[in-house]
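Comments concern the structure below.
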Amino acid sequence: MASVIEGIKNMALGTPVHVCEVQGDDAGQGTEQAPYKTVAKALEHPSVGEGNIVVRKSTEEGYQPIAKTALKKAQKLFEANQKKAQKLAAAAADSAAAEEKKLEEAKKIVITEDASLPAAKKIRIRDGEKHRGERVKVSGWLHRHRSQGKDLMFLVLRDGTGYLQCVLNGKLCQTYDAITLIRESTVTVYGVLQVVPEGKKAPGGHELKVDYWEIIGKAPGGTEAFDNKFNTETSPDILLDQRHLVIRGETASNVLKMRALVLKAFREYFDSRQVTEVTPPLMVQTQVEGGSTLFEFNYYGESAYLTQSSQLYLETCLASLGDVYCMAESFRAEKSHTRRHLSEFTHIEGELAFIDFEDLLTFLEDMIVTVMERVTSDPLGAEILKELNPNFVAPKKPFRRMAYSDAIKWLNDHGIKKDVLDADGTKIGEADYEFGEDIPEAPERKMTDAIGEPILLCKFPAEIKSFYMKRCGDDRRLTESVDVLMPNVGEIVGGSMRITDLAELAAGFEREGIDGKPYYWYTDQRKYGTCEHGGFGLGLERFLAWLLNRYTVREVCLYPRFMGRCQP
Ligand code: 4AD
């Protein structure tokens, strides 16, 4: 190949190729308007010729023909770079050819299931222990894998019930599918489950000695590969965009498994106390917890809302079914981002007939303690808890009871102040909390964390609570209401006794500026045989955030909904 210098010498003098060492860019065109940055780049220009490279070293000076020595130096560099690039290209081509050959060879290796072996029994990973020594067949997603030389490969499969280590030997790890295997592909493996040798570790204490396997669905590689979708540095927003993939990870799937276990434990608890499950409508035309958080929508031309709470419907069921509960979604248009607020959450609500306030408090602490006993005595529950919140201490009965007025005093005694703001919302000072004020999230959390145990915070003033709450007999300013507060989260339950008297309920509607007419089906409960009753709502996500020590309730949702996010 003729040298570049000779090539240049042979070329006729052409249009100048511009190089500006201060403002140029090697992505430019070599023109005066878009000069290159380096002479080496100019040498690649199609019309470069001896003497037609012009250079400027500062914007003040004009373009000058390149000095001979500078040109020589650049040409040397250019040639060296060319050679390096050619070498690299040749090496890449060789390795691609070798890889191609390896793949072609691998394609010739065909594995078949040995018909003389006993038929494999289809099992789920969690049932593995019962089937040790038997020939089984397991299908799942490739959680991770590694090869050790040409003849040994370890796969860890995931099927939602657990993880299974599989060992592949010889031809089994030399097939085309084996050497191109990619994380998150689905596979079926056949073989015998064996206890892992002394000193070795594997999930469940055993591994599958694979005698045959097949691929079901390949996952993509390259930039589309699962491992390239996110990592520990990825921002929370992108993680939420990729939530459908994130939930395949160990932490997220453990959280979701715990979610299912907790729901099951609540169902079992209610069942054991003869409380009947109902499924109330979620599209409603009444409010429960104040108009400011209602999600309104067009219901065949009429205005309707997504329910804030199923409480009112539960109350109507008492005379039909006795004590009732539901586990349904509730919706709140919360216009702020906090660690514990969602736009959609799973609300576990119960309503109990012929009880008094003390019965309600006793039921709540018994429910929480019993649910926790069920969760921790379940092997999977205990395993997940150990993994995600090893320091968890199960609460004991009775819970500490604290009056709202004492909480106000506690805050003031401990120097926890409220911000005083001017008309523009700028902080201009601090002041004590006063009786009658709502206790916001931050001070409530500070108090709960400092006390460090569950609190039944009782008897809130009527003015800061909902229209339906029964007033206390001994102090009409207060209501028979309760919030259950847990360390690290704050309020996880809101409950109360309900007004039983029609006239008092009407006054409650009036106080809140609600027209009582559309609530006839609710008020009728007082008309057609009233009874003392009360109930509660527990936010499942807050309960889980407490139980699993998660920073925010968003981490314990399947697909969280909050202001600014309604997908995937
Ligand atoms: O205190 P709340 O608003 O009470 C009610 O809705 C009653 N009607 C329930 C009843 O008596 N049947 O809400 C009850 C619980 C809260 O303690 C909290 O755990 C949860 O529901 N919650 C939320 N969770 C996540 N995001 C939100 N925006 C929530 N709002 C309430």
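Bear in mind these aren't lab numbers, they're just calculated from the coordinates by the rules spelled out. Being a predicted model, the structure only gives us computed values, none of them experimental. Cβ atoms come from the backbone with ideal geometry, glycine included; neighbour counts cover every protein chain shown.
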*Using only helices, what value at 222 nm comes out for the chain when you add -39,500 (n - 2.57) per DSSP H run of length 4 or more and divide by the total residues, to the nearest 500 deg cm²/dmol?*
-9500 deg cm²/dmol
*What full-extension length gain, to one decimal in nm, is calculated for K72 and H244 as 0.36 nm per residue of separation minus the Cα-Cα distance?*
56.1 nm
*Residue exposure sequence - K41, K517 - by fewest surrounding Cβ within 10 Å*: K517, K41
*If you take the beta carbon distance between Q64 and A85 as r and set R0 to 41 Å, what does 1/(1 + (r/R0)^6) give as a FRET efficiency, to the nearest 0.05?*
0.90
*asked:* Given axes a ≥ b ≥ c from the Cα gyration tensor, I'd like to know whether segment 103-175 is rounded (a/c under 1.5), prolate (a/b larger than b/c) or oblate.
replied: oblate
*Shape call for the chain from the C-alpha gyration tensor, a ≥ b ≥ c root eigenvalues: rounded (a/c under 1.5), prolate (a/b greater than b/c) or oblate?*
oblate
*Check the straight Cα-Cα distances from K417 and name the lysines below 21 Å, setting aside those fewer than 8 residues away within the same chain.*
K409, K427, K446
*Sites K517 and Y299 - FRET efficiency at Förster radius 22 Å, r taken between beta-carbons, to 0.05*: 0.75
*Relative to the first principal axis of the alpha-carbon coordinates of the chain, what is the inclination of helix 68-108, with its axis defined by its Cα atoms, in degrees from 0 to 90 and to the nearest 10?*
60 degrees
*What lysines could a cross-link reach from K122, if we take a straight Cα to Cα line under 18 Å and drop same-chain neighbours fewer than 8 places away?*
K130, K137, K209
_As I understand it, the value is the acute angle between the Cα axis of helix 441-451 and the longest principal axis of the Cα atoms of the chain; what does it come to in degrees, rounded to 10?_
80 degrees
*asked:* Between M563 and K171, what is the label-point separation in nm under the 7 Å Cα-to-beta-carbon projection?
replied: 6.5 nm
*Using alpha carbon centroids, what distance separates segment 207-247 and segment 132-187, in Å?*
15 Å
*Give me the lysines in straight-line cross-link reach of K76: C-alpha distance below 21 Å, same-chain residues under 8 apart excluded.*
K9, K37, K41, K57, K68, K84, K87
_Cα-based helix-to-principal-axis angle, 357-377 vs the chain, degrees rounded to 10_ = 40 degrees
*Label segment 214-262 by shape, choosing from rounded, prolate and oblate, from the square roots a ≥ b ≥ c of the eigenvalues of the Cα gyration tensor; if a/c is under 1.5 it is rounded, and otherwise prolate applies when a/b is larger than b/c, oblate when it is not.*
oblate
